[in-house]
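Engineer: Here's a structure for you.
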Amino acid sequence: NWKMNGDKHSIAEIAKNLTCATLDENTEIVLGCPFIYLSYARELFPAKFNIAAQNCYKVPKGAFTGEVSPAMLKDIGVNWVILGHSERRHVFHETDELIAEKASHALDEGLKVIACIGETLQDREAGKTEHVVASQMAAYAKTIKNWENVVVAYEPVWA
C-alpha cells in the first residue's frame with residue numbers, strides 16, 4: 001500500500017523491479033496505489049500483479065463527489081480494494097459499520113477485499129485490543145456472507 005505517495009516515475013521503477021524479480025509463482029501480489037495512478041499501474045504491471053484501490057464507496061453511483069464505486073474500479077481493471085485502513089478510520093472517521101457496508105458492496109460487485117482491522121496504541125495500553133478487533137470483525141461479519149474473496153489484514157496502528 002503506497003498510501004498517498006508515488007508518482008509515475010516511481011511506479012515505473014517499482015514495475016520494472018518487480019517484473020524482473022524472481023517471485024514465488026504461488027504468491028499472489030497485490031499492489032495498493034493512489035486512485036490517480038490506478039490505470040497507469042494496471043497498464044504497467046503484468047496481469048500476474050493485482051492492483052488494489054485504497055478505498056471505494058458503498059453504492060454503485062450517485063451524487064457522492066470525490067467517491068469511487070467498485071464498478072468504476074472494475075472498469076479500469078482493478079480487482080482488489082483495501083477497506084478499513086486505520087487512516088480511513090481515524091483521519092476520515094469511518095465507522096466499522098460504514099466500512100462493512102463498503103466491503104459488502106465491493107464483494108457484491110465482484111472485487112476482492114482486503115479488510116483491515118487493528119487497534120490504536122491507546123486501545124492496546126487500555127487493554128482493549130480484543131474488544132476493538134472483535135468489534136471490527138463483527139461489523140464485517142454482519143454484512144459479509146461469503147469470505148472467499150476476503151483477506152483480513154491485522155495491523156495495529158502502533159506497529
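Throughout, read-outs are computed from the coordinates displayed, never taken from laboratory work. A quick note: this is a predicted structure, and the numbers were derived from the prediction, not measured. A quick note on method: Cβ atoms are made from the backbone with ideal geometry, for glycine too, and the neighbour counts reach across all protein chains shown.
Engineer: Given only helices, namely DSSP H runs of n ≥ 4 each adding -39500 (n - 2.57), what is the per-residue ellipticity at 222 nm of the chain, to the nearest 500 deg cm²/dmol?
Structural biologist: Working: 7 runs with 64 residues, N = 159.
Per the formula, -11500 deg cm²/dmol.
Engineer: A further question on this structure: Give me the angle, in degrees from 0 to 90, between the Cα long axis of helix 96-108 and the longest principal axis of the Cα atoms of the chain, rounded to the nearest 10.
Structural biologist: Helix 96-108 and the main axis of the chain meet at about 40 degrees.
Engineer: Another one. Running Debye on the range 8-154 with equal point scatterers at the Cα sites and no solvent, what base-10 log of I(q)/I(0) appears at q = 0.12, 0.16, 0.22 Å⁻¹?
Structural biologist: The calculated log intensity ratios at q = 0.12, 0.16, 0.22 Å⁻¹ are -0.54, -0.90, -1.34.
Engineer: If each of T129 and H90 carries a label point 7 Å out from its Cα toward its Cβ, how far apart are those two points in nm?
Structural biologist: 1.6
Engineer: Using 0.36 nm per residue, how much length does the chain from D7 to E155 gain when fully extended, once their Cα-Cα distance is taken away?
Structural biologist: Details: separation 148, 0.36 × 148 = 53.28 nm, distance 2.54 nm.
Here the segment from D7 to E155 would lengthen by 50.7 nm.
Engineer: Continuing with the same structure: Which angle between 0 and 90 degrees, to the nearest 10, do you get for helix 129-143 versus the longest principal axis of the chain when only C-alpha atoms count?
Structural biologist: Once rounded, one gets 70 degrees.
Engineer: Over all alpha-carbon pairs of the range 106-159, lay out the pair-distance distribution in 5 Å bins, whole %, shortest bin first.
Structural biologist: P(r) for the range 106-159, in whole percents per bin: 5, 19, 27, 20, 13, 10, 5, 1.
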